[in-house]
Structure formats: structure tokens, C-alpha cells
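Presented below is the structure to which this report refers.
The values are calculated or read from the model by the stated rules, or taken from the named source; none is laboratory data. From a predicted model like this one, the values you see are computed outputs, not experimental measurements. With ideal geometry, Cβ positions are generated from the backbone for all residues, glycine too; neighbour counts draw on all protein chains shown. We work out accessible area using only protein heavy atoms, side chains counted, and drop any ligands, DNA or RNA first. Shrake-Rupley method; radii C 1.70, N 1.55, O 1.52, S 1.80 Å.
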Amino acid sequence: MPYQMSLALDLSFSHHQGRWRLPGSWSGRDFPDLRMYRELLLAAERGCLDMVFFGDGTGIPSTYGASIDPAVEWGIGFPRQDMSPFIAALAQQTEHIGFGLTYSSTFMHPFYVSRLLNSLDIVTAGRMAFNVVTSSRGADAANYGFDELMEHDARYRRMEEFVAVCQELWRSVDRDAFVWDRETGMVAEPGSIRAIDHQGEFFTVAGPLNSVPSPQQAPVLIQAGGSPRGIRASAGFADVVFGGAFAEADRVRHRTLLDQELLAAGRDPSRVGILWDLHLIVGDTPDDARRRKEQLADLLPPEASAAQFAHNTGYDFAQLPARFTLAELQAEVIAKQASPMGFRDLVNEHGADTELSREEFFDALWKVATGYEHTVAGSAAEVADYLEESYESTGSRGGFMIAHPQVTPRDLIDVVGLLVPELQRRGRFRTRYDGTTLRDTLGVPAFA
């Protein structure tokens with residue numbers, strides 16, 4: 001039997017970057033209507049998907065032209081909600097599908113986050129995952145009192161300590177600590193709940209957690225670092241890695257580096273999968289899918305695409321010279337301590353030393369902003385072929401994070417109705433859920 005892949009659904013931007021106005025998208029609904037999310041969750045669970053995933057950001061993009069106006073006008077990374085109460089509500093209407101929730105280790109405190117995730121894991125009956133991120137956007141930092149972004153390596157040191165504190169807190173209460181003995185009146189065994197007395201570079205936390213252990217005791221941990229330092233950090237604690245690479249060579253490189261770091265950390269590489277970021281459109285026919293992909297070309301004006309890219313890289317593209325090389329810009333992006341990931345794709349495509357005009361550069365940005373450049377569009381058989389080939393070339397561990405349906409809910413319904421049956425026919429995807437927790441669904445070891 002071939003190895004079966006995981007499939008998750010990323011709903012972080014389903015209403016952003018103009019997707020909401022494509023024909024049939026969010027029809028009769030406006031974000032953040034809970035009824036739309038319920039419709040999406042029920043469809044995803046019908047297709048036996050592993051989980052739905054919510055990325056997050058807390059600042060309105062303001063780098064482009066030093067103004068939030070383009071982001072506000074065109075819906076670039078805006079608006080966003082804290083999805084924790086949505087998850088609590090949606091968990092009551094589903095039974096099996098998991099939930100991935102994002103919080104920043106750069107700005108948040110581990111006691112608060114560990115306690116919140118503990119409660120959500122109880123409310124969802126053991127279906128929570130925690131996506132731990134290091135924040136690299138100036139608008140987010142400004143909302144937490146930072147004048148500038150924390151240095152790259154310091155962000156990862158803080159994240160590693162943040163996760164270590166969360167894990168200490170989740171371990172501070174034994175699984176069988178609570179006895180609720182009505183005859184003696186004992187609530188919990190005193191020796192089964194212990195202080196952690198953590199004192200580190202970034203945090204001082206006494207503990208213990210003052211909560212009842214959750215079904216998983218700790219949520220599944222997800223991390224998305226793509227730099228060598230980020231990959232080393234994810235190898236230290238992640239149960240599942242989120243891979244942002246699209247090119248096959250970059251995916252193979254990430255998998256190889258991760259395996260090396262997992263071995264160095266004393267962990268088994270076969271137990272840690274990567275969910276690769278995936279933009280896709282599944283059509284009844286290849287022509288139908290490709291026609292729908294071309295609709296993305298008219299979603300955003302140049303300034304809207306530039307506003308998104310400026311937010312991610314920390315560079316104000318309103319200040320571009322008339323002509324320049326990507327190498328010149330890349331050095332400035334890296335110096336700002338922001339994320340170079342989207343910029344890396346442009347460099348790979350055009351070459352670092354290629355000279356571009358301002359207009360040529362802006363023309364390339366919309367393909368990144370809308371996902372056009374990396375959207376896999378085709379029939380169910382064609383998309384399944386692509387998934388199988390990529391899955392095998394990157395070690396047959398993990399699977400794919402289907403990113404931001406272009407048309408909500410149609411593109412998810414097409415995944416469930418067309419792609420999933422094709423993968424099931426090939427033995428590449430489950431036909432039912434086994435187990436009761438998200439760890440069971442993902443095949444992630446129990447928290448110890």
C-alpha cells in the first residue's frame with residue numbers, strides 16, 4: 001500500500017487579496033460570518049481532511065507609502081479576527097476535524113497561551129494544534145510596543161524558550177491529577193501538580209498551570225521556519241512542520257535540512273512530516289480549472305500587491321528607483337529583519353542580478369500576491385498526479401496545506417468532491433477518521 005498523505009485547509013486569507021469578490025465567492029455572506037465557516041468545516045470533515053488552519057497577524061499593513069490606506073481599501077491582510085472563539089463554536093458542530101491556531105511567540109506570553117490552548121483542547125475534545133510563529137512584520141510589532149523588529153536569531157531563541165515554558169506548564173499537571181473524590185472532598189493529588197520555576201533569557205514563570213489536563217495534554221505543535229535557523233528550531237519541538245517552499249528543489253532542500261537537524265536533536269525524522277503550502281484549483285476539466293486560474297489576474301491593482309509585499313518584507317516599494325537589481329533589494333530586505341520568503345521566489349524566478357524596471361517589478365508582484373504564480377490548476381487526475389510526485393520526492397512524510405480557497409466555498413467543495421475521491425482511489429488518502437484526537441489523525445506521537 002502507498003503511504004497516505006495528510007491534507008489540511010488554510011483559511012487564513014480566504015477573504016483577502018480580492019478573493020472575496022470572485023464570482024460565487026462569499027456569496028450572501030460577509031467576513032467573518034460564522035455560517036460560512038460552519039459550511040466550510042462540514043465540507044472539509046466530509047472529505048476527511050486532517051484539520052483547518054488559521055494563520056494570523058495583528059497589524060494592518062502600513063509599510064507601503066507609510067500608510068494603511070491601500071491595505072484597508074483593497075483588503076490586503078485585513079480584516080482579521082482572533083479565531084479562538086470561532087474554533088470553540090465550530091468544534092460543537094464537528095466531530096473529527098482538527099483546528100490549527102496561530103499565536104506569536106515574539107509578542108505573547110507563554111503562560112497565557114498555554115492555558116488558552118489547554119482550554120481549547122478540552123472544548124474541541126482533543127483536536128487542537130498550535131502554530132508557533134516568530135513575527136516579522138513591523139505593523140504587528142508596533143501594536144505590542146516595539147519600535148523595530150526583534151533581531152532574527154533572537155526571535156528564534158525567544159520562540160524556543162516560549163515553547164519550552166509551554167511544555168513545562170502542560171507537564172506541570174499530571175494526567176491523573178484530578179480525583180474529585182466526593183467522600184473525602186479531595187479535588188486533586190497535591191504531589192501531582194508542581195511549580196516549574198522557570199527563569200530564562202526572556203521569561204520568568206513560576207507555574208504550575210492551574211487547569212485540568214486536556215485530552216492531548218498538549219496541542220500538536222506546528223512551526224514554519226524556512227531559514228537554516230528556523231529549520232533548526234522546528235526540529236527541536238515541532239510535531240508537524242509547515243513548509244512554505246513551492247519549487248520542488250526548495251522542498252527537497254528543506255526536507256533534507258530538516259532530517260539532518262532532527263537527527264542532531266535526537267529525534268526520528270520518519271515521525272515528523274511537512275505540510276507543503278499549496279494553492280490549487282480543481283476543475284471538472286483541465287480547461288475549466290485553467291480558465292478559473294486566469295481570473296486571478298484582475299483581482300488587484302499594482303499598489304495593492306505592493307502593499308502586501310511591503311508588509312511581508314519590511315521594504316517600502318513606493319520608494320523604488322526607476323531601475324534596480326533584485327540583489328540590491330534583497331540585501332535591504334534581510335537587513336530589516338523581516339521575512340524574505342516571497343522575495344526569494346522572485347529572485348529564483350528572475351535571477352538576483354537581473355535588472356528590472358519599477359513597472360516590471362510591480363507586474364511580477366500581483367502573481368505573488370494572488371498566488372497565481374504557484375497555483376496548481378487542472379483536473380482531479382492532474383492535480384493528484386502533481387501531489388503524488390511531490391509527496392514522493394520529499395520523503396512521503398506529511399502532505400499538503402491547501403491554501404486560501406480562491407472561491408469560497410466552491411474550491412473546497414471541488415477538493416472534497418473531485419480531488420479527495422481520486423486520491424482515495426489511488427490509496428493516497430483516508431476514507432474515514434481513525435482515533436479520537438488530532439494526534440491520532442496526523443499520526444503524531446502522544447505528548448510525554
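Among the conditions (1) crowded, with 19+ Cβ neighbours inside 10 Å; (2) part of a loop (DSSP other than H, G, I, E, B); (3) at pLDDT 95 or above, Y103 misses just one, which is (2). So, of the residues in the range 147-174 that are in a loop (DSSP other than H, G, I, E, B), in contact with a helix residue (DSSP H, G or I) (Cβ under 9 Å, 6 or more places away or on another chain) and open to solvent by 40 Å² or more (accessible area, probe 1.4 Å), which turns out to be nearest to P215 (Cα to Cα)? Applying the filter and picking the extreme gives D174. A count restricted to the range 253-308 and to residues that are under 21 Å from the mean Cα position of the chain (by Cα), under 30 Å from A446 (Cβ atoms) and hydrophobic (A, V, I, L, M, F, W, C) stands at 8. Among the residues of the range 243-250, none qualifies, meaning not one is among the hydrophobic types (A, V, I, L, M, F, W, C), touching a Ser or Thr at 6+ places or on another chain (Cβ under 7 Å) and closer than 27 Å to P61 by Cα.
Yes/no matrix, rows are residues, columns are (1) touching a residue at least 60 places away in the same chain (Cβ under 8 Å); (2) among the β-branched types (V, I, T):
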position: E359; (1), (2): no, no
position: T375; (1), (2): yes, yes
position: S379; (1), (2): yes, no
position: Y386; (1), (2): no, no
position: S393; (1), (2): yes, no
position: H404; (1), (2): yes, no
position: R410; (1), (2): yes, no
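So which residues in the range 366-401 are in a helix (DSSP H, G or I) and among the polar types (S, T, N, Q)?
Looking only at the range 366-401, we keep the residues that are in a helix (DSSP H, G or I), and these are 366-369, 372-374, 380-393.
Residues satisfying the conditions are S390, S393.
Hey, does the range 391-403 have a residue that's surrounded by fewer than 18 Cβ atoms within 10 Å (Cβ to Cβ) and touching a helix residue (DSSP H, G or I) at 6+ places or on another chain (Cβ under 8 Å)? Yes, there is a match, as at least one residue in the range 391-403 is surrounded by fewer than 18 Cβ atoms within 10 Å (Cβ to Cβ) and touching a helix residue (DSSP H, G or I) at 6+ places or on another chain (Cβ under 8 Å).
Just checking, how many residues over the range 424-436 are in contact (Cβ under 8 Å) with a residue 60 or more places away in the chain and surrounded by fewer than 22 Cβ atoms within 10 Å (Cβ to Cβ)?
At the first step, the residues of the range 424-436 found to be in contact (Cβ under 8 Å) with a residue 60 or more places away in the chain are 426-433, 436.
Now drop any that are not surrounded by fewer than 22 Cβ atoms within 10 Å (Cβ to Cβ), which leaves 426-428, 430-433, 436.
Residues in the range 424-436 being in contact (Cβ under 8 Å) with a residue 60 or more places away in the chain and surrounded by fewer than 22 Cβ atoms within 10 Å (Cβ to Cβ): 8 in total.
Of all residues in the range 190-209, which are touching a residue at least 24 places away in the same chain (Cβ under 8 Å) and either under 20 Å from G266 (Cα atoms) or not hydrophobic (A, V, I, L, M, F, W, C) (or both)?
Within the range 190-209, the first condition is being touching a residue at least 24 places away in the same chain (Cβ under 8 Å), and the residues that meet it are 196, 198, 200-203, 205, 207-209.
Of everything in the range 190-209, those that are touching a residue at least 24 places away in the same chain (Cβ under 8 Å) and either under 20 Å from G266 (Cα atoms) or not hydrophobic (A, V, I, L, M, F, W, C) (or both) turn out to be H198, G200, E201, G207, P208.
In the range 6-40, the residue that is surrounded by the fewest Cβ atoms within 10 Å (Cβ to Cβ) out of those that are of a type in the set (D, E, K, R) and part of a loop (DSSP other than H, G, I, E, B) is D30.
When the range 69-89 is limited to residues that are free of Cβ contacts under 8 Å to residues at least 40 places away in the same chain and within 14 Å of A307 (Cα to Cα), the one that is most open to solvent (accessible area, probe 1.4 Å) turns out to be D69.
Yes or no, residue by residue, for (1) hydroxyl-bearing (S, T, Y); (2) in contact with a strand residue (DSSP E or B) (Cβ under 9 Å, 6 or more places away or on another chain); (3) modelled with pLDDT of 95 or more:
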| position | (1), (2), (3) |
| --- | --- |
| L49 | no, yes, yes |
| F53 | no, yes, yes |
| G57 | no, yes, no |
| I68 | no, no, yes |
| M83 | no, yes, yes |
| F86 | no, yes, yes |
